[in-house]
Structure formats: C-alpha cells, structure tokens
Amino acid sequence: MLRFLAFFLLCSVAATAQDADQQRRAAETREKIERLLRIQDLRTPHDGFLQGAISDREPLVRRRACLAYASLQDTSALGQLVGCLADPDTLVQQAAAFAIGQTGVALSEAGRQRLEDDLLWKRLNETSARDRLIEEIGKFGTGEALRQLVLREGNIFPGPHTPALQRSIGRFAIRSVVSDEGVRFLLHAIRPADAASWQVVYALQRIGDHQEIRQEIDHLNLLREHPDPLVRMNLATLFGKVRMPQVLRTLQELGLRDPDWRVRVNALRALGSQGLRGRDESIDVVRRFLFDAQPNVALAAIGAAGASDLDQAPTDSAAAFLFDQLKLIARNKAGTFHWRMQAEAAHALAAVIGPSALKFCRPAAGAWPGLAGELLRAAGKAGGPDALPLLAAHLQDESPRILCGALDGMAALLERHPADSGVAAEVLSGAIAALRSSDVAVVSTAASLLGQKRLVHLVPVAALTGRLAGLRLPDDIEAFQGLCATIGDVGDRTAAPALLELLELPDPAVARAAADALERITGADYRPRIPRRTEPLYTDFDFATLRALPDTIPATLETARGRIRLILFKEAAPFTIMALAKLADQRGFFRGRTFHRVVPNFVIQGGDPRGDGWGGPGFTLRSEFSPLTYETGTVGIASAGKDTEGSQFFITHSPQPHLDGRYTVIGRVIEGEDVVDQIQLDDRVYEFRIGQQE
C-alpha cells in the first residue's frame with residue numbers, strides 16, 4: 001500500500017511539473033506571438049527577433065513569423081521563407097508559401113525569374129504546401145513560369161494539383177500573363193460542362209478574347225445551364241469580351257431569365273459592351289430591366305445603355321424607346337427614383353447623345369450634394385459649349401461633393417475637347433484654385449486633374465509643392481499621394497527638396513509616393529532612403545483586450561434594410577478587429593453611418609464619417625494580409641494603398657479573387673446575404689455590434 005501511495009505521489013508530482021512546463025511554454029509562445037504582432041504592426045523587422053522566430057521550436061511561432069512577413073513584404077526574407085517550405089509543420093509550409101506569393105511581387109523581373117526557377121525546379125516536389133505554392137506563383141511569376149507550370153502539372157487531367165493550377169492560371173491572368181497552353185488546360189476542364197468550376201470560368205473571363213476560347217465557344221455556351229450561378233456569372237463576363245454573334249443569344253437569355261441577380265447584372269453589362277446599335281433584341285432586354293425591383297439590376301441596365309455604342313437614334317427605333325425611358329429616369333420629376341438611378345441615367349444619356357443631354361445634367365437648386373456632384377460629372381461627359389460655364393459656376397460651392405463633381409466634370413470635358421485651348425485654360429485655372437481648399441477630397445481631385453496629359457506641361461510646380469506644406473497626417477494621406485503623383489508627372493527638378501522632406505514622414509504610404517515621384521523626376525531610386533524604422537502615428541498594443549476576444553468573434557450590422565450577422569477572424573487581422581471593436585463599443589462610431597459606395601455584383605462599402613469615401617477615424621491602421629480569400633459575403637477593409645486602412649469596411653456580393661492578399665480580410669457574412677444584396681447607396685447603419693449578436 002505504501003509503495004502504491006509513493007508511486008501515486010511521484011506521478012502526481014510529475015504531472016504537476018508537466019502541467020507547469022506546458023503552461024510556461026504556452027506563456028512563452030503567447031509572448032513571442034505578441035512580440036511578432038508588434039513587429040509586424042511597427043514594420044520593424046530589423047532587431048533579429050523576427051528572423052530568429054522563423055526557426056523557433058514552436059510551430060505556432062514559426063507560422064506567425066511567416067504571416068508577419070506576408071504583410072511586411074520584405075524581399076530580404078525570401079531566402080528564409082523558401083527554406084520554410086520544408087518545415088516539419090504543414091501549416092508553417094502553407095504560411096511560408098503565402099508569404100512568398102505576397103513578397104515576390106516586389107521583386108524585379110530578374111529577381112522573379114530567379115525565385116520562380118528555384119521554386120519550380122527545387123522546392124515544388126519537396127513541400128507538402130505544393131497546391132498553395134502553385135497558386136502563389138501565379139501572383140508574381142513570369143510567362144515562362146506559367147508555361148512550365150502547365151507543362152509540369154497539367155499533363156495529367158484531372159490530376160491531384162489540377163484545381164491549384166486552375167487558380168494559378170487565373171492569378172496569372174489577373175496580371176495579363178497568358179499562355180496558349182494555359183487556355184487549353186482551362187478549356188479541357190469544362191468538359192463535361194456540368195463539371196466546370198467557377199474558378200475555371202473566372203480564369204477564362206480574366207483572359208478574355210482569345211483564339212482558343214473562340215474555337216470552343218459552342219461548348220462554352222452549354223455553361224449557361226450550369227447549376228452554379230457563379231459559373232453563369234463569369235460566363236456572362238467572358239461573353240462580354242468575346243465579340244462573336246454566337247454569344248448574344250446566351251447573354252440575352254441570361255439577362256432575361258436567370259434566377260440569380262448577379263448573373264443578370266453581368267449579362268446586362270456584357271450586352272452593353274457587345275454593342276446595342278442595330279440589335280433590337282438586346283436593346284429590349286436592357287430596357288426591360290430599367291425599373292427592376294432589384295436595384296443593382298436596374299443600375300446595371302442603365303449602365304449597359306451608357307456603355308454601349310448607341311448614339312442619337314431615329315424616333316421609330318427600339319433605341320429611341322430606350323432613350324425615352326432613360327430620359328424619364330433622368331428627369332425624375334416626381335422623385336420616384338432613387339437619386340443614384342437619376343444620376344446613372346444622366347451619365348448614360350451624356351455618353352450616348354452627347355451635348356443634347358446637358359439639360360438632364362443641371363443640378364436643381366438645393367439638390368442633394370451626392371446627386372449634384374454626379375450630375376456635374378455627367379455634364380462634363382456630355383460636353384457642349386454650355387458645360388464649361390456650368391462646371392465653373394460650381395467651383396465656388398461649399399460642398400466638397402459638389403466641388404469634386406465639378407472638377408471631375410472638367411476632367412471629362414477636357415478629354416472630350418483635347419485640342420480646345422480655351423477649355424484647357426479654364427480647367428487649369430479652376431484646378432489650381434481648388435488646391436487651396438482645406439478638404440482632402442477637393443485637393444486630391446484637383447491634383448489628379450492637373451496630372452492630365454493635356455494640362456501637366458502647363459502646371460506651375462510651385463502650386464503643387466506649396467500645397468504639400470499645409471497637409472497633415474493621417475487625414476490628408478490621399479492628398480499627399482495625389483500631389484506627389486502629379487509632381488512626378490510634371491517632372492520639374494525644383495520639386496525635389498519638397499519631396500525629399502516627405503521621405504522622413506512617419507507614414508510609409510506618403511514616403512513611397514514621394515520616392516516614386518523623385519524617381520520619375522531624377523531617374524534615381526529613392527526608396528532605399530526611406531527610413532527602415534518608422535513609428536506609425538497610431539498603435540494600440542492592448543494585448544489584454546486582444547486576449548479577451550475569442551478567435552471567432554460574432555458581430556451584427558443593423559441596417560436600414562435589415563440585419564446582417566457576421567463572424568470576424570481575430571487571427572487574420574487582430575489589430576484591425578480590435579480597433580473596429582473599440583470604435584464600435586466606446587465611441588458608437590458606426591452608428592448612423594451610410595453605405596457610401598455600392599457597386600453591383602462587387603461590394604457594398606461603409607464606415608466613413610464623411611459619407612463620401614474620403615473619411616476615416618482620425619488614424620490609420622497597418623495592412624494585415626492573410627491567406628483568407630474574398631468569397632461571397634467576405635468582409636474586408638478599404639484602403640488607399642498598403643498601410644492606409646481606417647474605419648471603412650466592405651462586403652462582397654460575389655467572389656473577388658483579385659482582392660486576395662491586397663486588402664485586409666476581417667470576416668464573413670453568416671446570415672443576411674439577402675440584406676447585403678438589397679443595400680442601396682446612402683442606406684444607413686443603425687448599429688455595428690462587435691462581440692455580440694443581439
């Protein structure tokens with residue numbers, strides 16, 4: 001009995017010691033991960049800790065180190081990341097492959113070739129992250145890499161890595177890197193038609209008009225009956241790019257009868273890009289949906305008319321009937337239509353009938369600034385002798401929305417009359433005057449206008465550099481970027497001192513914009529002169545609050561159209577989610593905000609205190625890139641470039657692979673996607689609760 005008790009005590013002591021050791025190791029791991037998050041947020045990988053963490057004994061630390069490099073995009077780390085493809089932990093290998101794809105885009109052409117050769121011929125067969133690596137090569141690889149991938153991975157169909165190769169070809173195509181072999185490989189995957197995946201058809205539509213695709217157009221037509229609406233949606237986009245008579249009937253059928261509104265949107269757009277002139281059946285399809293109950297479909301129909309090849313038509317034609325309907329919407333005398341529909345109709349008329357549409361583009365006294373600004377943009381597009389005084393008269397308006405609309409209208413007018421020196425002089429004068437505004441949107445818009453080819457050689461560079469001095473971080477980041485871009489276009493070396501000062505600013509996005517402008521002016525690379533250690537203007541290393549948040553965080557958006565339930569993924573974007581949670585909880589920041597941007601079958605976007613897309617919370621966040629992809633209902637954070645995120649969030653209507661790895665993903669919609677589909681421009685958010693569902 002005594003022996004048993006002694007043995008029991010020894011086991012208890014050993015178990016207690018083991019528990020203590022596990023707790024100690026867990027605490028050490030947590031501390032290391034938090035230090036890695038701090039380094040990632042500060043963008044300071046230079047003390048050696050991050051490099052050492054790649055070889056840490058804990059796989060969680062090694063994985064977090066790889067993901068930190070994915071956001072840092074530091075090309076000097078590529079050697080270590082490539083080595084991690086042989087890590088004993090599969091998740092570390094996956095993270096390393098993602099980081100390689102994120103970082104390879106920053107290499108020179110020669111650097112990309114060296115990296116892809118190493119990956120293709122040495123690493124691909126040795127890593128269990130082979131699928132991920134195949135896809136990631138598509139983000140940066142050259143045309144030769146694409147050919148070699150298809151040769152190696154596409155010789156057996158279907159093979160174990162076929163889906164990865166299909167996705168990779170799509171990523172190459174996003175960058176306009178295409179090969180005949182790749183197209184043939186994709187086309188092989190649509191036989192039989194019902195076996196085709198939306199990723200294959202997405203890759204084909206990113207490629208667009210191609211001889212191999214033309215030869216298979218009859219078989220592609222069979223995809224109109226595919227059960228997956230994402231296949232049909234991407235098929236419609238593809239057919240909008242392939243100018244063949246065989247596709248028109250399919251587009252008309254998809255536009256008229258498809259049960260999914262996203263397919264109808266893409267089909268209507270495709271009909272517009274195919275051209276409507278002389279095609280009464282296509283015109284009739286577009287006309288039928290001008291008043292559709294689904295607002296995104298109605299907007300797509302109006303946009304299709306404006307993007308088509310129609311011009312002023314005879315009074316007895318189908319086009320004339322379409323124009324009559326557009327004019328009815330553009331007049332909007334009884335206020336029957338949402339103001340965005342009125343604005344879109346004015347834009348469409350301006351595009352197809354030119355100066356005679358100007359009467360539909362004059363803002364009424366006291367008009368809603370959003371509508372007035374869009375009508376002024378349409379006025380510039382319409383052109384004509386009366387457009388310039390109309391636009392000039394609104395350059396004195398106090399509303400930034402109206403003033404920016406007038407400036408954008410002037411840009412469109414200048415494009416319509418490139419040889420008119422009188423128009424150029426008036427636009428130049430108005431844009432320079434607008435630079436004196438204290439509003440970031442106005443300054444950014446004016447700077448962009450001055451960078452137009454017709455004006456740039458007339459711009460006094462002192463007007464641009466002088467305005468730099470009055471800007472402040474973080475609110476004026478986009479104005480800094482716009483001015484730097486135009487200064488680079490002007491190319492005057494006297495601007496160099498002002499740009500050199502910007503290299504020392506703590507915001508990396510502004511410093512990069514200044515370095516790019518200096519390179520264009522002088523031909524020298526100034527990026528190495530950007531300080532490697534830049535303290536961000538805003539940090540919040542409240543790890544106690546971060547630890548208290550669950551890994552999967554419930555959230556609810558109460559909107560004018562209904563409730564949207566979300567889940568947020570803390571590991572994917574910890575600091576972004578914590579910042580948004582504090583804004584929502586402590587300041588009620590999102591209460592009453594509008595959805596200021598709605599692009600049919602793309603995104604709805606909100607969270608801007610200004611309501612026009614130019615505002616933020618008064619601070620900027622660093623980009624937190626993760627391997628999560630933009631599927632239907634993905635929640636992401638808008639930005640004006642890397643490390644410029646704030647409070648503006650967006651939700652996708654459908655998969656958007658071109659956003660992957662470029663915008664911070666924070667979560668997914670789990671209920672209320674139908675509400676997302678109904679959101680219209682300027683609909684309000686009543687409440688944004690993070691950490692609770694009710």
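Bear in mind that the values in this text are calculations on the coordinates, not laboratory data. No experiment lies behind these values; they were computed from the predicted model shown. As a convention, Cβ positions derive from the backbone with ideal geometry for all residues, glycine included, and neighbour counts pool all protein chains shown.
What to note about this one:
- Farthest toward positive dipole pole in the stretch 172-237 [+1 Lys/Arg, -1 Asp/Glu at C-beta], among GLY182, GLN205, HIS226: GLN205
- On full extension, the segment bounded by GLU501 and ARG147 gains 122.9 nm, given 0.36 nm per residue less the C-alpha separation.
- Mean ellipticity per residue at 222 nm, deg cm²/dmol - from DSSP H runs of n ≥ 4 across the chain, formula -39500 (n - 2.57): -17000 deg cm²/dmol
- Tilt relative to the chain, helix 574-586 - C-alpha long axis, 0 to 90 degrees, to 10: 70 degrees
- Selection from PRO531, ILE577, PRO554, by position along the positive dipole direction of the stretch 521-578 (Cβ): PRO531
- Size of electric dipole in the stretch 6-133: Cβ of Lys, Arg +1 and of Asp, Glu -1, about Cα centre, debye, nearest 20: 80 debye
- Trypsin sites (Lys or Arg not before Pro) restricted to the stretch 586-684 and DSSP loop, no more than 11 other C-beta within 10 Å: ARG587
- C-alpha center-to-center spacing [the stretch 312-372, the stretch 104-147] in angstrom: 50 Å
- Size estimate for the stretch 6-133 follows the Kirkwood approach: the inverse of mean 1/r over distinct Cα pairs works out to 16.0 Å.
- Burial ranking of peptide ranges 231-239, 555-563, 513-521 (average Cβ count within 10 Å, highest at the top): 231-239, 513-521, 555-563
- The chain: angle of helix 477-490 to the longest principal axis, Cα-based, in degrees nearest 10: 70 degrees
- Between LEU328 and ALA469, the contour length at 0.36 nm per residue exceeds the Cα-Cα span by 46.0 nm.
- Taking a point 7 Å out from the Cα of GLU673 in the direction of its Cβ, the residues of the stretch 550-584 whose backbone N falls within less than 14 Å of it are 565-567.
- Taking a ≥ b ≥ c as the square roots of the eigenvalues of the alpha-carbon gyration tensor, the stretch 543-690 is classed rounded because a/c is under 1.5.
- Paramagnetic label zone (point 7 Å from Cα along Cα-to-C-beta, LYS453; backbone N under 12 Å) in the stretch 471-502: none
- Under 5 Å, built H, 5+ apart or other chain: amide partners of VAL685: GLY592, ARG593, THR594, PHE595
- Sparse packing (at most 12 other Cβ atoms within 10 Å of the Cβ) combined with a DSSP loop state is found for the following trypsin sites (Lys or Arg not before Pro) in the stretch 422-480: LYS453, ARG472.
- Degrees between helix 261-274 axis and first principal axis of the chain (Cα, 0 to 90, nearest 10): 50 degrees
- With the biggest extent put first, the Cα atoms of the stretch 401-557 measure 63, 42, 23 Å across the principal axes.
- Taking the charge dipole of the stretch 543-690 about its Cα centre, with +1 at Lys and Arg Cβ atoms and -1 at Asp and Glu Cβ atoms, the residue from GLY672, PRO657, TRP614 reaching farthest to the positive side is TRP614.
- Counting only residues at least eight positions apart within a chain, or on another chain, the lysines with an alpha carbon under 25 Å from that of LYS359 are LYS327, LYS333, LYS381.
- Between amide H atoms placed 1.01 Å from N, distances below 5 Å from GLU645 occur with LEU621, SER623, all of them 5 or more places distant or on a separate chain.
- Formal net charge of residues neighbouring HIS417 (Cβ-Cβ distance under 14 Å; K, R +1; D, E -1): 0
- Residue-by-residue Karplus 3J(HN,Hα) for the stretch 366-378, coefficients 6.51, -1.76, 1.60, Hz, glycine and proline x: x, 4, 3, x, x, 5, 4, x, 5, 5, 5, 4, 5
- Student exercise, the chain dipole from Lys, Arg, Asp, Glu Cβ charges, in Debye to nearest 20: 60 debye
- Cut-off under 5 Å, modelled amide H: who pairs with THR664 long-range: GLU624, ILE637
- Length, then width, then depth: along the principal axes, the Cα atoms of the chain run 107, 62, 54 Å.
- Of the trypsin sites (Lys or Arg not before Pro) found in the stretch 26-79, the ones in coil according to DSSP and having at most 11 other Cβ atoms within 10 Å of their Cβ are ARG57.
- Under a model in which nothing but the beta-carbon of Lys, Arg (+1) and Asp, Glu (-1) is charged, the stretch 543-690 shows a dipole of about 420 debye around its Cα centre.
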